[in-house]
1. Based on the alpha carbons, how large is the Rg to Rh ratio for region 1-101 when Rh follows Kirkwood?
2. For region 1-56, state the semi-axes of the equivalent ellipsoid (square roots of 5 times the eigenvalues of the alpha-carbon gyration tensor), sorted largest first and rounded to whole angstrom.
Amino acid sequence: MLPREHYLKQTFQDAVNFPEGFEKGGLSDIQARLVRKHGALINAITQEEVSDPTADDLHILKVVANQSVPKSPIEQAWVKYLSIVKTRQASAPAKTSKPKATKAKAAEPEPVVEPAAKPAKKTKKTEAS
């Protein structure tokens, strides 16, 4: 379990369901930005990995469980993200794999969470004479 600040420093990405980015996958620019910024935290909250969740963090659990309506833009963006993921997974054709090569897989693929990139330092270029 890690503090919520740890997850807020990470950028959320889902290359499996949104290989071309959230914007091209059906989210607005603002929703995409909110999902990227808060997705790692929300994902950790739903997996009970946050050591110090706030009341708002706990509310999103109710929203995800469909026990409450989204009250913030972050929650609305996350609900739309989940809706798109669910639709894509439901409409994806069932893969027919060879029976002899079966392995147990997780029910849902885990989205990739990457640490936020630090801005590159500017360096002076010197020209050779």
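1. Values: Rg = 15.1 Å, Rh = 14.6 Å.
That ratio equals 1.03.
2. Values: eigenvalues 106, 24, 15 Å².
Rounded to whole Å, the semi-axes are 23, 11, 9.
Computed from the coordinates by the stated procedures, all read-outs in this text should not be read as laboratory data. Note that this is a predicted model, so its numbers are computed, not measured.
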